[in-house]
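Have a look at the structure below, then the notes.
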């Protein structure tokens, strides 16, 4: 059963996904379709997995889905860093710092979940 009280990681990943969609629009306008598609897939998947884990069937299911969210975060970081250091793409700016914060929270959740297993 979904618990709809405030949840920082759900909120942060949802807000991040919205920013990814806005940033991808800039890439589409620049005709950078492949990278726009990549950042949409990985950037929204972080939040989708965190959202889904709110209905985990077991602790193992919870950990598994959180690991997927963390992996998607790693992939997203790759694409963002690639754009940051490329002369042909816009700098994602503060999105990298937001992603770092999300990754730290996910790591903490995973460490606590594994420790309490």
- prompt: Just to be sure, is residue 46 in contact (Cβ under 8 Å) with a residue 40 or more places away in the chain, surrounded by 13 or more Cβ atoms within 10 Å (Cβ to Cβ), farther than 26 Å from residue 114 by Cα and touching a helix residue (DSSP H, G or I) at 6+ places or on another chain (Cβ under 9 Å)?
  reply: no
- request: Name every residue in the range 94-117 that is part of a loop (DSSP other than H, G, I, E, B) and more than 23 Å from residue 30 (Cα to Cα), in order of residue number.
  value: 116, 117
field: Considering residues of the range 65-93 that are in contact (Cβ under 8 Å) with a residue 12 or more places away in the chain and more than 17 Å from residue 24 (Cα to Cα) only, the residue surrounded by the fewest Cβ atoms within 10 Å (Cβ to Cβ)
entry: 74
- prompt: Taking into account only those residues within the range 26-43 that are part of a helix (DSSP H, G or I) and touching a residue at least 60 places away in the same chain (Cβ under 8 Å), which is surrounded by the most Cβ atoms within 10 Å (Cβ to Cβ)?
  reply: 27
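Laboratory data are not the source of any read-out in this text; all were calculated from the coordinates shown. Worth saying up front: this structure is predicted, and the values here are computed from it rather than measured. For neighbour counting, all protein chains shown are included, and Cβ atoms are generated from backbone atoms with ideal geometry for every residue, glycine included.
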